[in-house]
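Inspection log for the structure reproduced underneath, given as structure tokens.
What follows draws every value from the coordinates through simple rules; no lab data is involved. The structure displayed is predicted, hence computed values, not measured ones. No Cβ is skipped: glycine too gets one built from the backbone with ideal geometry, and neighbour counts run over all protein chains shown.
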Amino acid sequence: MAITDEYDIVIGLEVHVQLKTESKLFCGCRNKFGCPPNENTCPLCLGMPGTLPVLNKQAFDYSLRTALAIGAKIAKRTKFDRKHYFYPDLPKGYQISQFDEPYCTGGGVEIELENGETKFIELTRIHMEEDAGKLSHAEDSGIADSIVDLNRAGTPLMEMVTEPIISSPDEAYRYLVELKHLLEYIEVSDCNMQEGSLRCDANISLKPKGAEKLGTKVEIKNMNSFKGVLAAMEHEVKRQYIALQNGETIVQETRLYDVDKGVTKSMRSKEQADDYRYFPDPDLPVYEVSDEWIENMRAQLCELPQARKIRFKDEYKLPDYDIKMLIDSKEIADYFEDCAKASKNYKEISNWIMGEISRELSERKVSISELDFSVEALAELIQLVDDKKISKKIAREEVFPEVLKSSESPLKVIERLGLQVESNDDVLIPIVKEAIANNPKAVEDFKNGKKKAVGAIIGFCMKATKGKADPGSISALVNKELEALL
């Protein structure tokens, strides 16, 4: 019997999003990954007495942008609180966070389920807080050592908390993918899980099928990839199910996910809000959020992925698969639209982006803005093929690589390498006749009604012209010559 036949799976996610501001949340230290340990610190980061925090307005702006993107309700006033418990990697002994007056509540993200239906994953709240530093653990000769890097201490975070309405690990995975897509689109975070820019904790419980009362929740931490999140949740659901089947009591606790062994391990009992001894931070004021401020942020918000998806289908008449691939990256979608201003062959633009350009980006490990292939070059190349100045094969295999290499325009490359399409019948007819003479079996098959036999003859002609002949012209000449033999 499947787990879901006996129990409802209830999952709530807490996603920590590091904002890509230049400086930290309450001081002027650089917010940059990969620097030498403890380089980006100051007396405030180090928890020195007498230091005073000052809120980073850019971080607040990014947070407001996120709230608007998910349709959340923005509070007209908000404050910061001190959250107390021992942080070995946050020297002042408390974290500046938000407790009872977060800057926004509600909103959510729509996901597409496996069966094609959609589900709205509602958020409880988003609040802002500072990040802690990073501990590294090592063992040498049996002695455990821990070292701390405080570069990350104080970097701005949004904690995005969902309602407990996610019904499976797969739904949670889909939500994370869609959320990451949205955050990258509105350019508030790079969402790099390997660098800690996007981290996720999951609260998981099981309750008897149809029961109103929720089961005891267990929090899972230490998940640093979407696949890891999915695997950890799947394991924890099975662990709780087996425990319940054996008559055991689920303990409210925090567990870590062991990636190597694929299991969760008990870390500590789960703290309650009272354990944190929240109180308003006396060094920071209450912040008033005006309608003017909100509307200014709304004006800066880009077109969101779902709206862009609908518009692409209506405006460019592209297949659903193409649209999904194009809008997966805002930068790619912008590149497509810039090219669409210069060429109306939208499907061919899409084909190039999903084909040769994507392959080049993958091989070079660069973004499209770093690829030296302008939208003007792509539009010109597509037009040259449409005008039958060059064949599609030549465009893809010879002109495109040479444009990337030389930075010349496609037309100049074609002229320099002599790649123009051969369309002179005086040149092509002798080649067609030679192809027919060298393919007697194909000729016989054609005479016997096998029209596809012309493919071998056309292939011979294209090879003889080194791909420079127009396939349509060759096909017409081949069929004309063969018809004359009937």
*Among all the aspartates and glutamates, which ones have a C-alpha under 13 Å from Lys466's C-alpha, if same-chain residues fewer than 8 places away are not counted?*
Glu397, Glu398, Glu422
*For each of Val17, Val54, count neighbouring Cβ atoms within 10 Å of the residue's Cβ, then give the residues from fewest to most.*
Val54, Val17
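Would you calculate the volume per residue, in Å³, of the smallest convex hull containing every Cα atom of region 425-485?
It is 68 Å³ per residue.
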*Cβ charges +1 (Lys, Arg) and -1 (Asp, Glu), total dipole of the chain, debye*: 860
_Taking the 0 to 90 degree range and rounding to the nearest ten, how far is the long axis of helix 226-245 tilted relative to the main principal axis of the chain, both from C-alpha atoms?_
50
*Out of every Cα-Cα pair in region 303-417, what percent are more than 22 Å apart?*
31
*Positive end of the charge dipole of the chain (Lys, Arg +1 and Asp, Glu -1 on Cβ, about the Cα centre): tell me which of Asn351, Ala435, Phe60 has its Cα farthest that way.*
Ala435
_Listed residue pairs exceeding 22 Å between alpha carbons, taken from Lys24/Lys73; Lys20/Lys309; Lys441/Lys480_ = Lys24/Lys73; Lys20/Lys309
*Could you sort out which of Lys412/Lys468; Lys344/Lys389; Lys313/Lys365; Lys330/Lys392; Lys32/Lys180 sit more than 22 Å apart by Cα distance in this structure?*
Lys313/Lys365; Lys330/Lys392
_Packing-based exposure ordering (other Cβ within 10 Å, fewest first) of Val188, Val109, Val263_ = Val263, Val109, Val188
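Rounded to the nearest 20 debye, what is the charge dipole size of region 1-159 about its Cα centre when +1 sits on each Lys and Arg Cβ and -1 on each Asp and Glu Cβ?
Roughly 1200 debye, rounded to the nearest 20.
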*Could you pull the Cα extents of region 114-234 along its three principal axes, largest to smallest, in whole Å?*
52, 38, 25
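Can you give me the Kirkwood hydrodynamic radius for region 3-293, using every pair of distinct Cα atoms, in Å to one decimal?
Its Kirkwood hydrodynamic radius stands at 20.2 Å.
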*What ranking, highest mean first, results for peptides 153-163, 176-186, 67-77 when packing means the other Cβ atoms within 10 Å averaged over each residue?*
153-163, 176-186, 67-77
*When DSSP beta bridges are limited to those with both residues in the chain, what percentage is antiparallel, rounded to the nearest 5?*
95
_Computed Kirkwood radius, in angstrom, where 1/r is averaged over Cα pairs of the chain_ = 27.2
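For Ile414, what charge total do you get from the other residues with a beta carbon under 11 Å from its beta carbon, if Lys and Arg give +1 and Asp and Glu give -1?
-1
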*What is the fewest-to-most order of Trp352, Trp293 by other Cβ atoms lying within 10 Å of their Cβ?*
Trp293, Trp352
*Just tell me which lysines come within less than 23 Å, Cα to Cα, of Lys238; anything on the same chain fewer than 8 places away is out.*
Lys207, Lys209, Lys213, Lys217, Lys221, Lys227, Lys261, Lys265, Lys270
